[in-house]
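Here the structure is laid out as C-alpha cells; the discussion comes afterwards.
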Amino acid sequence: MPVVKSIEELKRLREEALTKRQLQATGGRAQITVYMGTCGIAAGARDTMKAILDTIEAENVRDVIVKQTGCIGLCEQEPLVEVQLADTPPVRYGHVSAERAARIVKEHVIGGKIVDELVVPE
Amino acid sequence: MRYYRSHVMVCTSPQCVDKGARTLMKRLQEELAAQGLADEVAVLETPHIGDCANGPEIMVYPDRVHYAGLTLEDLPSLVEEYFKKGRVVTRLLSQFRPPVDKELGPPKPKEVRVVLRNCGKIDPENIEDYIAEDGYQALAKVLTEMTPEQVIEEILASGLRGRGGAGFPTGRKWQFCRAAAGSPKYVVCNADEGDPGAFMNRRVLEGDPHSVIEGMIIAAYAIGASYGYIYCRAEYPIAVRTLREAIRQAREYGFLGQNILGTDFSFDLEVRMGAGAFVCGEETALMASIEGKRGHPRTRPPFPAVSGLWGKPTNINNVESYAVVPQIILKGSAWYASMGTATSKGTKTFALAGDVNNTGLIEVPFGITMREIIYDVGGGIKGGKGFKAVQTGGPMGGCLPAAYLDVPVDYESLTSAGSIMGSGGMVVMDEETCMVDIARFFMEFIQDESCGKCIPCRVGTRHLLEILERICAGLGKPDDIEELEHLSSLIRRSSLCGLGQGAPNPVVTTLRHFRSEYEAHIYDKRCPAKVCRALIRYEIDPAFCTGCTLCARNCPVNAISGERRQPHTINQELCTRCGICKQVCKFDAVTVS
Ligand SMILES: Cc1cc2nc3c(=O)[nH]c(=O)nc-3n(C[C@H](O)[C@H](O)[C@H](O)COP(=O)(O)O)c2cc1C
C-alpha cells in the first residue's frame, strides 16, 4: 500500500475506499443474470456478456449488478439472460445475441419496459 | 469509468503477503486476461477480509464469495469455473465466519451516537473502512491548516471534558502540557477501564480503534509530543490485538511514523498491557507501570502535564476523550458544544447495568435526565418493580435515590448529589436492594484493590468494610454510623490518590440518602429490603401451604419438615436463608420477615 504523503493522496484514497464500500453494499436497482453453462458459452453467451457490459458502460449506469450462473436446462433457448428490476418478478429472455443484449439493457434495464418479443414463453 | 461486473479484493495483510498474496494477485490478473475477462473483472487490494489464518484470501463482489487458502495451481480452474461460468468452487470457499456483533444493537430511544458512531458499522481491522468514514481527514486538516494553538483553542471551545472520571477540561490539560518545559513530550491513552462492569472503552477500542489513534496523533501535534502509549488492560486481548493491527496499518499508510502526511511532524505509538490492578487506572500509577515500575500512585503536584513519564511532560486522557477529537476538529467545536448542558458538552457513553430491561452500552447527550435513561433508553425496571437507586461513577461513585431522577445528568449535578460521573458505570437498583449491603459490596472491592501505599486507604477501607459487615450481620452498634462518617471524612482527606479519596463515597452517599436503612439494621436488627441473611427469617404460612413437599425436597440443609398434605415448618436453627424454598414454592406460602 502506498504511504499517504499528502492531503490530495488522502482524498484519493478516501474516494477509492468509498468505491470499495459501495461494491460491498449488495443490491442494485437491477440485476442481470447471464447463463454461462457450456451450452450458453457455445451459443455465444460470452459475446452477450461483453455486449451487456459495454452497453452499461456506454450508457453510464451504475446501479446494475451483472451476475452469471450455470445451465438451467433450456439449452435450445441459449444464450439466456434474466433481468430483474427491484421489487418486480424476473423476466427471462432467449436467443440473446449481442445486439439483442444491448437492446434489452437500454429498453428494459434503463427504460423499465419489458422487451416482449424476446421473452422466453413460460 | 470502466464498468466491471465483478470486483475481486485480495487481502494484502502481512500474513497473507507472507503466504504469497502478491504473486497470487498478479497471476490472477494474468489468468483473467488469458481467459478474456480482464475488462469484466477488476482486481483490487484490501488490508483485511477474514482472519488471514488460511491465506491468501480473496473476496468477490457483488457475490460476496470468500475464497481462502488459494494456490497458484487453483487459479486456472477458478477463473474458468467461477469467473467465466459463474459456478462457485465450493472446495476453495473460506470457512471463516465473521463474528456477529451482539453487543451493540441499533440506537435505542434518545440515544445519540458520536463516540460509538462507527462501532459495528466499519471493519475495525480495515483502515480503508475508517478512511471511507472521513478517517484521518481531521489529522490532515490539523497538520496542514491549523497551528497547535488553534487546535487547542478548538478543543477548549468545544467544552470537551475528560471522560476518565474527573471531567477536567481536555483543552486546558493540553495547554498545560504544551506550555511545560521539557523534551521529549509524551501522550498516553488510559485504556485501563478497571470499573467492574464497565466496557465503554473496550467497545470503542475493538470497534473503532483508529478514532482513538487519530485523536492521539492530533493531541501529540497540539502539545508537541513525539511518542505515545496506549495503556490497555491485559483482560482485553481482542482490544489489544485490534489496536496493534490498527497501529500497524496506520504506520503502513503513513499516519504514524516519520513525516506524517508529508509534513515535518513525526509521531509513533505503542500498546502497553496492564496486569489488571484497579489502581493502575490512576494516572500516576499508570505511568509508573509503563516505566516498568510497580503500579503505585504518587502525590500530585507535579501533575503529569509537567512531570509525567520519565519526568517529562505527558498528556494523559481517556479513550473516549481522544476518540471524539477527530469529529470535533472536522465538524467544529460549535457542533459539539451544541449538545449537552452549560458545563458539560457533548455525549457520554454509559454501561447500563442492574435491574433495567435493556442493559448494555448506551450513548446519550449530557442533560438527559436519569429517568429518561432508565425508562426510555433502559426500557424501565425489570419485572415492573419500583426504582430504588442508581449507582454512578463506578466503585468510587455514589448511589442516588428517586429524588434525583429528574435532575439533568452532567458533571456538576452528579457531584452536588454526592456522586460522580466517573467513567460511565451506571447500575440501576430496584426496590429489593439493600443499600447497606450495596455499600458493603463496593467497599469489599475497594479495600481489595487498595494498593497499600498509604495508611488511610489501606487500613481505613479495611475498617470501613468491617463495620459494614458487622451491620449486615446484625451486630451493628449504636455509634457505628458516627464511626463510619468520621472514618470516611478522614480517609477522604488524607489518602494519597483518588482511590482512597473516593473510597468512602459509596458509604457516604448511602448514609446521606438512605440513612434509615442503616438505622433499621443497627437499632431494629431489621433489613427493610429483606436481603441481609442474618436479619431475615423464612417462614411457611400454614394458610397457603398445601404440603406438596417441594420445598422440603429442595432445601439444601434439610431444615424443612412436615407431613405430606400438611403445612410444613422451617427449623430456624438449621435454615441458612438461602431462599430456595421461596423460589420453588408454587403457592406463595413462603414469607420473609
Ligand atoms: C483508582 C483510580 C482508577 C482510575 N481508573 C481509570 C480508568 O480506568 N480509566 C481512565 O480513563 N481513568 C481512570 N482514572 C482517572 C485517571 O487518573 C485520569 O484522571 C484520567 O485518565 C484522565 O483522563 P481524562 O482527562 O481524559 O479523563 C482513575 C483514577 C483513579 C483514582
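Derivation of every value follows stated rules applied to the coordinates shown; laboratory data play no part. On a predicted model such as this, the values are computed, not experimentally measured, just so you know. As a convention, Cβ positions derive from the backbone with ideal geometry for all residues, glycine included, and neighbour counts pool all protein chains shown.
Where the eigenvalues come from the Cα gyration tensor of chain B, what are the semi-axes √(5λ) of the equivalent ellipsoid, largest first, in whole Å?
Semi-axis lengths for chain B are 51, 35, 20 Å.
Just to check I understand the Karplus step: with θ = phi - 60° and J = 6.51 cos²θ - 1.76 cosθ + 1.60, what whole-Hz values come out for the stretch B:533-543, glycine and proline as x?
4, 5, 10, 10, 9, 9, 9, 10, 7, x, 5
In nm², what is the average projected area of the convex hull enclosing the Cα atoms of the stretch B:57-130?
On the way: hull surface 28.1 nm².
If I average the Cα hull's projected area over directions, I get 7.0 nm².
Which order results if B:THR299, B:THR23 are arranged by neighbouring Cβ count within 10 Å, fewest first?
B:THR299, B:THR23
What number, in percent, do you get for the relative contact order of the stretch B:127-336 if the mean sequence gap of Cα pairs under 8 Å and at least 6 apart is divided by its residue count?
This gives 32 percent for the stretch B:127-336.
How far is the Cα center of the stretch B:271-305 from the Cα center of the stretch B:359-426, in Å?
For the stretch B:271-305 versus the stretch B:359-426, the Cα centre distance is 29 Å.
How much of the DSSP bridge set in the protein assembly as shown is antiparallel, in percent, rounded to the nearest 5?
If I count the DSSP bridges inside the protein assembly as shown, around 55 percent turn out antiparallel.
Show which lysines lie in cross-link reach of A:LYS113 when reach means a straight Cα distance below 27 angstrom and same-chain residues fewer than eight apart are skipped.
Reachable lysines: A:LYS50, A:LYS67.
Rg and Dmax of the stretch B:6-92 over Cα atoms: what are they, in angstrom?
Radius of gyration, then largest Cα-Cα span, for the stretch B:6-92: 11.5, 32 Å.
Whole-Hz ³J(HN,Hα) for each residue in the stretch B:563-576, computed from phi via Karplus 6.51 cos²θ - 1.76 cosθ + 1.60 with θ = phi - 60°, x for glycine and proline: what do you get?
Ordered by residue, 3J(HN,Hα) equals 6, 4, 6, 10, x, 8, 9, 9, 7, 5, 5, 8, 4, 9 Hz.
Work out from phi, with θ = phi - 60° and the Karplus expression 6.51 cos²θ - 1.76 cosθ + 1.60, the ³J(HN,Hα) of each residue of the stretch B:393-403, listed in order in whole Hz, and give x for Gly and Pro.
Once θ is set to phi - 60°, the couplings for the stretch B:393-403 become x, x, x, 9, x, x, 9, 10, x, 4, 4 Hz.
For peptide B:124-137, compute the average count of partner chain beta-carbon atoms within 10 Å of each residue's beta-carbon.
Numbers: counts 0, 0, 2, 3, 8, 4, 1, 10, 11, 4, 1, 4, 4, 4.
The mean count of partner-chain Cβ atoms within 10 Å per residue comes to 4.
Debye calculation, C-alpha points only, no solvent: report log10 I(q)/I(0) for the stretch B:435-524 at q = 0.11 Å⁻¹, in the same order as the q values.
Result of the Debye calculation: -0.26.
Could you give the DSSP H helices of chain B that reach 15 angstrom or more along their long axis (alpha carbon positions) and whose average Kyte-Doolittle hydropathy is no lower than 0.5? Working shown, then result.
Working: long enough: B:21-34 (19 Å, -0.39); B:148-158 (16 Å, 0.22); B:209-223 (21 Å, 1.25); B:237-252 (22 Å, -0.52); B:319-331 (19 Å, 0.97); B:435-449 (21 Å, 0.35); B:455-472 (25 Å, 0.43); B:480-494 (21 Å, -0.55).
Helix filter hits for chain B: B:209-223, B:319-331.
So which trypsin sites (Lys or Arg not before Pro) in the stretch B:475-571 pass both tests, a DSSP loop state and at most 14 other Cβ atoms within 10 Å of the Cβ? Don't skip to the end; give the middle numbers.
Numbers: sites: B:ARG492, B:ARG493, B:ARG512, B:ARG515, B:LYS525, B:ARG526, B:LYS530, B:ARG533, B:ARG537, B:ARG553, B:ARG564, B:ARG565; in loops: B:LYS525, B:ARG526, B:LYS530, B:ARG537, B:ARG564, B:ARG565.
Of the trypsin sites (Lys or Arg not before Pro), the ones in loops of the stretch B:475-571 whose Cβ has at most 14 other Cβ atoms within 10 Å are B:LYS525, B:ARG537, B:ARG564, B:ARG565.
So which GluC sites (Glu not before Pro) in the stretch B:533-593 are both in a DSSP loop and have at most 10 other Cβ atoms within 10 Å of their Cβ?
B:GLU563, B:GLU573
Can you give the calculated 222 nm mean residue ellipticity of chain B, where each DSSP H run of n ≥ 4 adds -39,500 (n - 2.57) and the sum is split over every residue, rounded to the nearest 500 deg cm²/dmol?
So the calculated ellipticity at 222 nm is -10500 deg cm²/dmol.
What is the distance in Å between the Cα centroid of the stretch A:69-99 and that of the stretch B:29-61?
The stretch A:69-99 and the stretch B:29-61 have Cα centres spaced 27 Å from each other.
How much of the pair distance distribution for the protein assembly as shown lies past 45 Å, counting alpha-carbon pairs only, in percent?
Distances greater than 45 Å cover 41 percent of the Cα pairs.
Can you find, among B:VAL356, B:ALA179, B:LEU160, the residue farthest towards the positive end of the dipole of chain B? Put +1 on the C-beta of Lys and Arg, -1 on that of Asp and Glu.
Most positive-ward Cα: B:VAL356.
Which of the aspartates and glutamates could a cross-linker span from B:LYS84 if the Cα-Cα distance has to be under 18 Å and same-chain partners fewer than 8 positions apart are dropped?
A:ASP47, A:ASP54, A:GLU78, A:GLU82, B:GLU30, B:GLU31, B:ASP39, B:GLU40, B:ASP63, B:GLU73, B:ASP74
So what is the relative contact order for chain B, in percent, with contacts set as C-alpha pairs under 8 Å and at least six apart?
Here the relative contact order equals 11 percent.
Based only on other Cβ atoms within 10 Å, what is the fewest-to-most ordering of B:CYS232, A:CYS39, B:CYS189?
Starting with the residue having the fewest Cβ neighbours, the order is A:CYS39, B:CYS232, B:CYS189.
What Rg and what Dmax come out for the stretch B:177-266 when only alpha-carbon atoms are used, in angstroms?
Taking only Cα atoms of the stretch B:177-266, I get Rg and Dmax of 14.0, 43 Å.
Of B:LYS173/B:LYS312; B:LYS121/B:LYS382; A:LYS11/B:LYS345; B:LYS348/B:LYS388, which pairs sit farther than 26 Å apart, going by alpha carbon to alpha carbon?
Result: B:LYS121/B:LYS382; A:LYS11/B:LYS345 exceed 26 Å.
For all pairs of alpha-carbon atoms in the stretch A:28-118, what percent lies in each bin of width 10 Å, listed from the first bin to the last filled one?
In whole percents, the pair-distance histogram is 19, 56, 24, 1.
On the principal axes of its Cα set, how long, how wide and how thick is the stretch B:415-568? Give whole Å, largest value first.
Sorted largest first, the three principal extents are 64, 34, 28 Å.
How do B:ASP51, A:ASP63, B:ASP208 line up, fewest other C-beta atoms within 10 Å first? Provide the component values of the computation, followed by the final result.
Values: B:ASP51 19, A:ASP63 11, B:ASP208 27.
Fewest to most other Cβ atoms nearby, the residues stand as A:ASP63, B:ASP51, B:ASP208.
Evaluated at 25 °C with a viscosity of 0.890 mPa s, what Stokes-Einstein diffusion coefficient in µm²/s does the stretch B:340-430 have when Rh comes from the Kirkwood expression over alpha-carbon pairs?
Calculated translational D: 194 µm²/s.
Give the percent of DSSP beta bridges with both residues in the stretch A:28-118 that are antiparallel, rounded to the nearest 5.
55 percent
Hey, what number do you get for chain A at 222 nm if only DSSP H runs of n ≥ 4 count, each worth -39500 (n - 2.57), divided across all residues, to the nearest 500? Don't skip to the end; give the middle numbers.
Numbers: 4 runs with 45 residues, N = 122.
Value at 222 nm, helices only: -11000 deg cm²/dmol.
From the P(r) of the stretch B:200-313, could you give the percentage of C-alpha pairs in the tail past 16 Å?
62 percent
If you take the square roots of the eigenvalues of the alpha-carbon gyration tensor of the stretch B:93-173 and sort them as a ≥ b ≥ c, do you get rounded (a/c under 1.5), prolate (a/b over b/c) or oblate? Write out the running numbers ahead of the final one.
Details: a/c = 2.93, a/b = 1.57, b/c = 1.86.
Here the stretch B:93-173 falls in the oblate category.
Antiparallel DSSP bridges in the stretch B:9-117: what percent, to the nearest 5?
Numbers: 6 of 9 bridges.
Around 65 percent antiparallel, to the nearest 5.
Please give the average number of partner chain Cβ atoms lying within 10 Å of the Cβ of each residue in B:256-268, rounded to a whole number. Could the numbers behind the result be given before it?
Values: counts 0, 1, 1, 2, 3, 7, 8, 3, 0, 0, 0, 0, 0.
Mean shielding by partner chains, rounded to a whole number: 2.
Run through all the Cα pairs of the stretch B:333-491 and give the fraction in each 5 Å bin from 0, expressed as whole percent.
2, 9, 16, 19, 17, 14, 12, 8, 3, 1, 0, 0
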